[in-house]
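Written below as structure tokens is the structure these notes are about.
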Ligand SMILES: NC(=O)c1ccc[n+]([C@@H]2O[C@H](COP(=O)([O-])OP(=O)(O)OC[C@H]3O[C@@H](n4cnc5c(N)ncnc54)[C@H](OP(=O)(O)O)[C@@H]3O)[C@@H](O)[C@H]2O)c1
């Protein structure tokens, strides 16, 4: 393996953005260990990657990351046989669109476990493998909603704020260990995460959108350049900046948008983005 070619453990590889990231990493010559719960999807993706790039180094480490034992098993599988790991891309995630007051406790629990505890545990478990590797890196896939608290996505926003805070703190804590921490915040992207009410609401309110392939290119560009933090979308970057400087202005704009969004929250339209392994 050449110096610039690295081996990444990629979570969420069975999903829309994750599978595009896997393709982009392999296209750049990197080795990848695909992780997700849906083994059938992971196997199909691995087969497709190997058909397109016969010399690619593609592995699978399937598992449910919502608990500590699942995370440990995935990291152990990625390092099996003493294989080195140069990077972790935390892309697995779940979302919820609805009134915070009506968000079931089970959803709060799932969001926190998947979007926050899983990356925390995964980073802890992977650090011994990453330490000492040249160009070692952790990439956390956040969201624009991790910088702008978004109405009707309060619990999801909270998890992405936490992930951004984790990335910043670890970048500082591990600065002497030579491990880079990258945070990439996509805007609305059409994937299974947004199927149903979110998709309808996004179209009706004119939300800007990227394809999973555009997001994947941005993530891999951030990896190649070692970018600290990247928010996708010019208007979204501006709003993130404005939210820091003049939050009351953003309160007003999003207050108006929240009134529009509520129309898409009737019980038949509420998006059930929380997925169990067998739900797709
Ligand atoms: N789509 C957007 O608009 C958008 C915008 C900003 C940020 N993001 C972020 O981008 C990331 C990828 O989202 P996506 O749009 O690609 O969603 P997606 O298509 O629904 O994919 C989600 C991925 O997360 C995995 N996952 C969920 N729960 C898991 C668990 N308990 N254990 C292990 N894996 C689990 C899924 O695995 P299985 O399918 O195998 O269960 C799947 O691979 C997420 O972190 C999301 O928050 C998305």
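The values are calculated or read from the model by the stated rules, or taken from the named source; none is laboratory data. If you're wondering where the values come from, they're calculated on a predicted model, not measured in any experiment. Virtual Cβ from ideal backbone geometry, glycine too; neighbours counted across all protein chains shown.
A few notes on this one:
- There is at least one residue in the stretch 102-117 that is at pLDDT below 95, more than 16 Å from the ligand (Cβ to nearest atom), more than 27 Å from residue 7 (Cα to Cα) and part of a helix (DSSP H, G or I).
- So residue 32, is it within 21 Å of residue 223 (Cα to Cα), crowded, with 17+ Cβ neighbours inside 10 Å, away from the ligand (no atom under 12 Å from the Cβ) and touching a residue at least 40 places away in the same chain (Cβ under 8 Å): no
- Residue that is touching a strand residue (DSSP E or B) at 6+ places or on another chain (Cβ under 9 Å), free of Cβ contacts under 8 Å to residues at least 40 places away in the same chain and either closer than 24 Å to residue 217 by Cα or outside any loop (DSSP other than H, G, I, E, B) (or both), where the choices are 46, 92, 73: 46
- Candidates 23, 37, filtered to the one that is surrounded by fewer than 24 Cβ atoms within 10 Å (Cβ to Cβ), in contact (Cβ under 8 Å) with a residue 60 or more places away in the chain and more than 12 Å from the ligand (Cβ to nearest atom): 23
- The residues on offer are 280, 275, and the sole one that is within 24 Å of the chain's Cα centre (by Cα), at pLDDT below 95 and crowded, with 17+ Cβ neighbours inside 10 Å is 275.
- Residue match in the stretch 57-70 (condition: part of a helix (DSSP H, G or I) and crowded, with 23+ Cβ neighbours inside 10 Å): no
- Screening the candidates 180, 175, 192 for the property of being surrounded by fewer than 22 Cβ atoms within 10 Å (Cβ to Cβ) and within 11 Å of the ligand (Cβ to nearest atom) yields one hit, 192.
Table: residues versus (1) more than 30 Å from residue 31 (Cα to Cα); (2) surrounded by fewer than 21 Cβ atoms within 10 Å (Cβ to Cβ).
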site	(1), (2)
156	yes, no
206	yes, yes
216	no, no
246	yes, yes
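- Only one of 149, 165 that is closer than 24 Å to residue 109 by Cβ, more than 12 Å from the ligand (Cβ to nearest atom) and part of a helix (DSSP H, G or I): 165
- Filter pass, residue 138 being buried (at least 19 other Cβ atoms within 10 Å of the Cβ), at pLDDT 95 or above, assigned to a strand (DSSP E or B) and within 11 Å of the ligand (Cβ to nearest atom): no
- Checked against (1) without any contact (Cβ under 8 Å) to a residue 24 or more places away in the chain; (2) touching a helix residue (DSSP H, G or I) at 6+ places or on another chain (Cβ under 7 Å), residue 203 passes all but condition (2).
- Criterion: crowded, with 17+ Cβ neighbours inside 10 Å and within 13 Å of the chain's Cα centre (by Cα) - qualifying residue of 74, 88: 88
- Restricting attention to the stretch 201-244, the residues that are part of a loop (DSSP other than H, G, I, E, B), within 24 Å of residue 261 (Cβ to Cβ) and either within 12 Å of the ligand (Cβ to nearest atom) or modelled with pLDDT of 95 or more (or both) total 6.
- So residue 123, is it in a loop (DSSP other than H, G, I, E, B), modelled with pLDDT of 95 or more and away from the ligand (no atom under 11 Å from the Cβ): no
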